[in-house]
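What follows is a short report on a single structure.
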Amino acid sequence: MSTHTAPVERPLWNPYVAGIGLGLVLLATFVIMGFGLGASSAVTRTAVAGLHAVAPTYAETNSYFSQYFGDAHILEDWMVFEVLGVLLGGLLGAYSGGRLKFDVQKGPRISVRGRLGWALAGGVIMGFAARLGRGCTSGQALTGGSTFVLGSWIFMIAVFVGGYALAPLMRRQWR
Amino acid sequence: MNGLFPLYQKGVFEYPAAMAIAVFLGIGFGFMLERGGFGRATILVSQFYNDDMRVLKVMFSAIVTSAVGLALLGGLGWVDLSAIMIFDTFLWPQVVGGILLGVGFIVSGHCPGTAAVASVSGNMDGLVTLVGIMAGSLVFGFAYPLVEGFYESSAMGRQHLPELLGTSWGVMAAAVTVLAVGLFLAGEWVERKLAARKGVEPPKSDPVLRNKLFAGLGVAAAAALVVSFVGRTAPVTPEPAPLALVSADDLADRMVQDPTGLFVVDLRDPGACAARRLPGALCLPAEGDLGRFFADLPATRTVVVYGAAGQAVPAEARRFTGRLLALDGGFAAFHGRYLTRPVLNAAASASERADWTKRNALYAHFTGSAAAKAPPAPPRKVITRAVKKGGGC
């Protein structure tokens, strides 16, 4: 019996192929469920569950968090299971593509600690932004975009504006 | 238009199957994101330095594929497009939320979905970003009293581009395809220019494959366009198909087994409804926009409407985007069967006895213990919740 070796790293897919594949998954979601894909709401829900474990009374009475308690909504539950799938699918993809390894993705001019600091800060901003904008690049841009929702297209354009506007200041981290 | 799809909205399966399907579709989503290169922050941020526009290419290929597919399947009558969830628009919160998300994207190198994929690929920056997103959404909740006013501002309701522009999904899908191909070609041109200036190789591309894929998307978009116009030669305002009916027996069972899975709406005048209605039923608003009332009911539940005998279902009820059923026989059918005390004839057969036992139990459930059990949670609160939550992300 030979010892197991992880697959060697293989190139990424052509971006248009990956995009069409992603679009077919999204289309299947609409055809089966009647709604699309998401990501941030499941992350928020996990955080609120954590908060609830520490401070149940506060979590249940806070006027925003309180919506996560009481009657379950299928859409919100669905997103949690979907993101569990995303984790499995991402793992499957990374393993089979030979890209599964402990690493920190960064530019050459920044320390690991500095990069992780920015990752945390950017995450906090995005967590806030996704709640304010009622979604993220998955729920608003992809899902709302492909169903022609005006607010989702505005949101998507705003994401690119925000990213491009700050990119020159973030050059040290990436280039 | 009434197609077989979306399956869930047409009642083909229920909650447990939906959760299993969620995992499978999520696996597909995560796998495609990983293959697209979205597990690596360094690839993602290259978009904003214009040297590798994978984000643009993957995102817009996905949007075009899904939009064209929906328009095509809808035009063919297989997918009931009126059952597809359309988010409400909140102009300024979405402008500011979008800009901040873009800022968070270039700072962290991820967006929420890709942070999940990066985490399971072993990229610690992705995991740290996920932790940040959790913290940021808690910050939003802590600050909610301060931001609530802005969060709820510029609520524009349903702003659906095909309706705003007076056109069909097919035309919109074709237009988005043209826009996307234009963006792809412009993006590749910028990539080449920038690479030439820096004296490096542009991102690897395969023009033959690319042209085949563009041609495929173009053909699909053209088909969606044709189908949408063929569909239009039918009467412009087709008579809506009659609602699917639910029997009083089935409704009673569902009200007992899954009270939070459905809303029951009484279509009779609010006075009659206030006096006597099905347990937990909502009355129509005495004033205000009836269409809005139905549009605001969360599409994730089933709505069952009933009226007086022979009362027509108002057209506004069709604004509800989820599964809509009508109670067979209206109020009288349910009232006669479950809200009046059943009488058992001494000479009843075994099956009549069984029927009486069931009716008697449900009668007690719906009326006898009404003070203690019914009505379930006040549904008004649920409605504001759902609207507040908004997007599916």
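The values are calculated or read from the model by the stated rules, or taken from the named source; none is laboratory data. Because the structure is a prediction, the values reported are computed rather than measured. When we count neighbours, we look across all protein chains shown, and the Cβ atoms used for this are built from the backbone with ideal geometry, even at glycine. To get the accessible areas, we keep the full protein, side chains included, count just its heavy atoms, and leave off ligands, DNA and RNA. Shrake-Rupley method; radii C 1.70, N 1.55, O 1.52, S 1.80 Å.
Summary of values
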read-out	value
Filter result for the condition that a residue is at the interface with chain B (Cβ under 7 Å from one of its Cβ atoms) and more than 26 Å from B:V120 (Cβ to Cβ), over A:S63, A:S41	A:S63
Residue within region A:8-16 that is surrounded by fewer than 16 Cβ atoms within 10 Å (Cβ to Cβ), within 7 Å of another protein chain (Cβ to nearest Cβ) and farther than 22 Å from B:L217 by Cα present	no
Test: A:T46 is modelled with pLDDT under 95, more than 7 Å from chain B (Cβ to nearest Cβ) and open to solvent by 40 Å² or more (accessible area, probe 1.4 Å)	no
Condition check for A:G144: within 7 Å of chain B (Cβ to nearest Cβ) and farther than 25 Å from A:G21 by Cα	no
Which numbered condition A:G151 fails, given (1) out of contact with any Asp or Glu (no Cβ under 8 Å at 6 or more places or on another chain); (2) facing chain B (nearest Cβ under 7 Å); (3) under 30 Å from B:G74 (Cα atoms)	(1)
Unique residue being modelled with pLDDT of 85 or more and either within 23 Å of the chain's Cα centre (by Cα) or open to solvent by less than 70 Å² (accessible area, probe 1.4 Å) (or both) when the list is B:A234, B:A222	B:A222
Residue identified as of a type in the set (A, V, I, L, M, F, W, C), part of a helix (DSSP H, G or I), at pLDDT below 95 and crowded, with 21+ Cβ neighbours inside 10 Å among A:W118, A:W78	A:W78
Scan of region B:320-371 for residues that are outside any helix (DSSP H, G or I), at pLDDT 85 or above and among the small types (G, A, S), ordered by number	B:A326, B:G329
Given (1) more than 17 Å from B:F366 (Cβ to Cβ); (2) in contact with a strand residue (DSSP E or B) (Cβ under 9 Å, 6 or more places away or on another chain), index of the condition B:C273 fails	(1)
Test set (1) farther than 20 Å from B:R54 by Cα; (2) surrounded by fewer than 17 Cβ atoms within 10 Å (Cβ to Cβ) - B:A173 fails condition number	(2)
Single residue of region B:2-24 satisfying the filter (in a helix (DSSP H, G or I) and open to solvent by 20 Å² or more (accessible area, probe 1.4 Å)) that is nearest to the other protein chains (Cβ to nearest Cβ)	B:V23
In region B:75-102, the residues that are more than 7 Å from every other protein chain (Cβ to nearest Cβ), more than 20 Å from the chain's Cα centre (by Cα) and under 30 Å from B:A224 (Cβ atoms)	B:L76
Any hit, region B:305-317, residues being part of a helix (DSSP H, G or I) and either of a type outside the set (D, E) or touching a Pro at 6+ places or on another chain (Cβ under 6 Å) (or both)	yes
Considering residues of region B:176-219 that are of a type in the set (D, E) and open to solvent by 40 Å² or more (accessible area, probe 1.4 Å) only, the residue farthest from the chain's Cα centre (by Cα)	B:E201
Where A:S66 falls short, out of the listed (1) open to solvent by 20 Å² or more (accessible area, probe 1.4 Å); (2) part of a loop (DSSP other than H, G, I, E, B)	(2)
Filtered residues of region B:157-168 (kept if within 7 Å of chain A (Cβ to nearest Cβ) and either farther than 21 Å from A:I154 by Cβ or touching a residue at least 40 places away in the same chain (Cβ under 8 Å) (or both))	B:Q159, B:H160
Contacts under 7 angstrom Cβ, first residue in region A:22-33 being outside the structural domain of A:S138 (by TED's automatic domain parsing) and more than 22 Å from B:G37 (Cα to Cα), partner at pLDDT 95 or above and hydroxyl-bearing (S, T, Y), 6 or more apart	A:F30/B:S66
Scan of region B:54-89 for residues that are open to solvent by less than 10 Å² (accessible area, probe 1.4 Å), of a type in the set (A, V, I, L, M, F, W, C) and outside any helix (DSSP H, G or I), ordered by number	B:V79, B:I84
Scope region B:125-159; condition closer than 30 Å to A:G93 by Cα and either touching a strand residue (DSSP E or B) at 6+ places or on another chain (Cβ under 7 Å) or open to solvent by less than 20 Å² (accessible area, probe 1.4 Å) (or both); matching residues	B:D125, B:G126, B:T129, B:G132, B:I133, B:G136, B:S137
Top-ranked residue in region B:25-53 [being touching a residue at least 60 places away in the same chain (Cβ under 8 Å) and of a type in the set (V, I, T); ranked as least open to solvent (accessible area, probe 1.4 Å)]	B:V45
